[in-house]
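Notes follow the structure.
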Amino acid sequence: MIDKPDSRFRQRVEESYSRQNAMRTIGAELTSIEYGTVELEMPFSEALTQQHGFLHAGILSTALDSACGYAALSVMPADAAVLTIEFKINLLSPGRGTRFLFRGEVTKPGNTIIVSDGRAFALDNGPAKLIASMTATMMVVRGREGMAG
């Protein structure tokens, strides 16, 4: 963890995200990068629903995990990466909407462990509706081959 933003934190997050095949598969786009906060958005897709037509909980978890992880990465120095080691998700309302917003924010930065909180919102005609929340714990990784930020 660094006390002030690395001047390249946005670029590092964008470069890492471009290698995220899972996010590309579900159609999630990186829409905002601030120091300690990242937002992803994705359109509704019937291919990502469960049997009742709601966005599947696994997709919500996947997108929130990435938002939380990239928020954590944004506060890391250039030589560090992060890996999720634990998360808890609360599914608060069915995933119904034309678009979804996933926001991850660093709650507790650290040199070895980072805690991020995430919120998922359904977007439609009207105010955004909170549909899920997540608390995720990230491990800081340094010096591992193939593990770049």
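The values are calculated or read from the model by the stated rules, or taken from the named source; none is laboratory data. From a predicted model like this one, the values you see are computed outputs, not experimental measurements. Cβ placement follows ideal geometry from the backbone for every residue including glycine, while neighbour counts extend to all protein chains displayed.
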Residue selected from the stretch 19-45 under the condition within 13 Å of L73 (Cβ to Cβ) and more than 13 Å from the chain's Cα centre (by Cα), by the criterion surrounded by the fewest Cβ atoms within 10 Å (Cβ to Cβ)
R19
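Condition (residue is charged (D, E, K, R), over 12 Å from L64 (Cβ atoms) and assigned to a strand (DSSP E or B)) applied to the stretch 100-108: is it met by at least one residue? Give the steps one after another, and end with the answer.
If we filter the stretch 100-108 for residues that are charged (D, E, K, R), which is where we start, we get 103, 105, 108.
Still in the running and over 12 Å from L64 (Cβ atoms): 108.
Of the ones still in play, those that are also assigned to a strand (DSSP E or B) are 108.
The answer is yes, given that some residue of the stretch 100-108 is charged (D, E, K, R), over 12 Å from L64 (Cβ atoms) and assigned to a strand (DSSP E or B).
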Any idea which residue in the stretch 109-149 is nearest to V82 (Cα to Cα), counting only those that are among the charged types (D, E, K, R) and not in a strand (DSSP E or B)?
R144
Using beta carbons and a limit of 9 Å, which pairs, at least six apart or on different chains, have the first residue in the stretch 42-71 and on the phi < 0 side of the Ramachandran plot and assigned to a helix (DSSP H, G or I) and the second one at pLDDT below 95 and buried (at least 22 other Cβ atoms within 10 Å of the Cβ)?
L48/G95; A57/G95; I59/G95; L60/G95
Filtering the stretch 73-93 down to residues that are assigned to a loop (DSSP other than H, G, I, E, B), modelled with pLDDT of 95 or more and loosely packed, with under 15 Cβ neighbours inside 10 Å yields L92, S93
